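Comments concern the structure below.
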Amino acid sequence: QVQLVESGGGLVQPGGSLRLSCAASGSIFRLVAMGWYRQSPGKQRELVARITSGGSTTYGDSVKGRFAISKDNANNALYLQMNSLKPEDTAVYYCNALRDSVNYWGQGTQVTVSS
């Protein structure tokens, strides 16, 4: 089992920045990849950013150039730096981990971009 706990969400004005954190615990060895997904009302959950155990990154088209994913292996943490936030970035953001073909999810953290 892998446990994931997100933090760092909140209310921010358009053009602002937020940094999300995800603390991983449990059976975190042999993780293939970790990532961030988001879901807004009436929409499917979508990929925001993903990083593999080797450090390769993938970003959703709508966040390229604005968001950056990183991880701290020593502290079992995953981060998402979000810059130039737009109202359409408003969603619940979920931390994800993939291990042995099983996806693990955190409880989510709300990000609201509004003036």
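The values are calculated or read from the model by the stated rules, or taken from the named source; none is laboratory data. None of these values were measured; they are calculated from a predicted model. A quick note on method: Cβ atoms are made from the backbone with ideal geometry, for glycine too, and the neighbour counts reach across all protein chains shown. SASA here: full protein model, heavy atoms, side chains in, ligands and nucleic acids out. Shrake-Rupley method; radii C 1.70, N 1.55, O 1.52, S 1.80 Å.
Summary table below
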| read-out | value |
| --- | --- |
| Using θ = phi - 60° and Karplus 6.51 cos²θ - 1.76 cosθ + 1.60, couplings along segment 63-73 (whole Hz; Gly, Pro as x) | 10, 4, x, 10, 10, 9, 9, 8, 9, 10, 5 |
| Label-to-label distance, nm, for residues given as R66 and R45 (7 Å Cα→Cβ offset) | 2.2 |
| Highest to lowest packing among 81-87, 30-36, 68-74, scored as the average C-beta count within 10 Å | 30-36, 81-87, 68-74 |
| Accessible area of the chain belonging to carbon and sulfur atoms, whole % at 1.4 Å probe | 47 |
| Convex hull (Cα only) mean projected area of the chain, reported in nm² to one decimal | 6.7 |
| Fraction of beta bridges assigned by DSSP in the chain that are antiparallel (%, nearest 5) | 95 |
